[in-house]
Amino acid sequence: MDQLLLILLNAAWQIAALALLALGLAIVFGLLRILNMAHGEFVMLGAYAHVIAGQLGLPPLTALPICILVVGLVALLIERVVVRHFYSRMFDSLLATWALSILMREIVEMIWGRAYRNVPMPVEGLVQLGGVSYPGYRLIVIFLVIAGFACLWLWYRKSLTGVRIRAVVNNPSLARASGINTSRFSAAAFVTGCVLAGLSGLLLAPMLGVEPSMGLDALIRSFFALVVGGLGTLEGLGIGVAVVGGVQAGLSAALSQTAGYLGVLVLAILFLWRRPDGLYRRR
Amino acid sequence: MMLRLDGISGGYHDTLVHRGLSLELGAGEVLAVIGRNGTGKTTLARLIAGELPLAGGSIRFGGQDITRLSSWDRARRGIVSMPQTDMVFDGLTVAENLALTGAKSLGELGKRFPRIAQRMRQTAQTMSGGERKILGFVRALVSPGKLLVLDEPSEGVQTENIDHMVACIRQACADGTACLLFEQNIRMVEALAHAVIGLDSSGVCYRAEGQEISRQDMLATLSL
Ligand SMILES: Nc1ncnc2c1ncn2[C@@H]1O[C@H](COP(=O)(O)OP(=O)(O)OP(=O)(O)O)[C@@H](O)[C@H]1O
Ligand SMILES: [Mg+2]
């Protein structure tokens, strides 16, 4: 019984962490139709906010505003100078953001070196749930993800801003003819996606650690979730992270960590091959 | 003058569709632009809306030079356009399509086009071709603006509903709105136009105002 609860909690944790990681990539792809290969580097940059706060001798909580500010500014700069020239050019944008990812990694390495750093848990302690004691910080993240996604979905489906966003994605030229500044919209969408990537790095750093090359794993796992769920919708993202996170957690519990990773890899390949549109298809 | 084009040129890549085209349109007036398929009506509408860049000439709207303004800035100043294709947001419901215009209610338009008022929750994608045209038309007419640029609103719409469109445009013009009507439907043009411009493959081939507008000449413009 307790064993089952632990497995479920671990699955919930895997899914929540993956949802957090993949959200930024899904937003950029869904709204701008480009695959941001530098997504993982924004996750990495967000995680480095802990390091910046530490070096400046600031309290740990200031890592949050530092993360938003640094990642937001870098993303805005990159969007205005590079990325905006590549919208609606899938392959070129892939190459451009891939080059940017290398550049970002190199710059971070130049500033902070290659060393792997540990980040202490912001919230220590275990919470007793039935017969299981589970890290409190993970429970907090799980809760934040569930609440955050619920709010995001409601806002996207029900608010006038949500309607405007869907209008731009649906018919950009009519959106412009209705007075919507689509250039500013694209910048806002890109920056939002990157800042969310940064926030996921910030929140997950206590588990993942911080190092310049941590972005690749984040990108690949986010990409797998998007492939399985269906690129470009919030619903697809939800299904994708649930399946991928669930499979990984299940196989890890039943067999081993490696089996978990392998299972996800096989799943992603199967989907790319047999069902490139993912599980969730828009009407 | 509400709208004034001074020798504008424009088209696609290196093929100019229009060379040095000029026209004027005052408040409360309807200027119809007619021409056979491929003579550049849609191109002209898109140049005015700012969807296509000008290769030369200038555009003044409401006394200001808008030549260099983006399409959204033109829209915010009061140029409302209904494109020939994709005139609605397919993925949105009727209600969402209308909400984007900022209009609170359909008013008279709701009575003339009851189908629209009854289908508020339907996704635009699932409507018939004619219904989508009508929704695009209603969207344009409830939008706050000073100039309507309508690209073939009557295409694929049944006569009875075209008559409703005519009545709605008349009402808008009575309230001071100007209308640039791109059409091939002679009846609609006759019912509305204060002035007519005819296009053929080499540019403007016909201009007439008020009493001079003749059905014969317009038919000649539309046939070979
Ligand atoms: N996107 C484009 N790229 C290149 N050429 C184009 C493009 N769109 C239209 N053209 C060309 O420009 C010319 C004018 O086309 P336009 O669509 O303005 O005609 P139209 O008068 O609106 O025709 P219709 O009555 O069929 O709507 C045509 O020769 C057409 O082939
Ligand atoms: Mg046309």
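List of remarks:
- Nearby lysines by direct alpha-carbon distance to residue A:158 (threshold 25 angstrom, same-chain neighbours under 8 apart not counted): B:104
- Square roots of 5 times each gyration tensor eigenvalue, C-alpha, chain B, largest first, Å: 27, 20, 17
- Extended-chain gain in nm, criterion 0.36 nm per residue less alpha-carbon gap, residue B:216 and residue B:13: 69.5 nm
- Kyte-Doolittle mean at least -1.0 and Cα axial length at least 24 Å: DSSP H helices in chain A: A:2-32, A:39-55, A:63-81, A:90-112, A:136-158, A:182-208, A:234-254, A:257-274
- Exceedance of the 22 Å cut-off in Cα-Cα distance is limited, within the set B:41/B:111; B:111/B:133; B:41/B:146, to B:41/B:111.
- Taken one residue at a time, the phi angles of region B:170-176 give Karplus couplings (6.51, -1.76, 1.60, θ = phi - 60°) of 4, 4, 4, 5, 4, 8, x Hz. Gly and Pro are set to x.
- In Hz, Karplus ³J(HN,Hα) per residue of region B:139-147 (6.51, -1.76, 1.60; θ = phi - 60°; x = Gly, Pro): 3, 5, 6, 7, 5, x, x, 10, 10
- Relative contact order [Cα under 8 Å, 6+ residues apart], region B:3-223, whole percent: 28 percent
- Calculated P(r) tail over 44 Å for the protein assembly as shown, as whole % of Cα pairs: 31 percent
Throughout, read-outs are computed from the coordinates displayed, never taken from laboratory work. Values in this document were obtained by computation on a predicted structure and should not be read as measured data.
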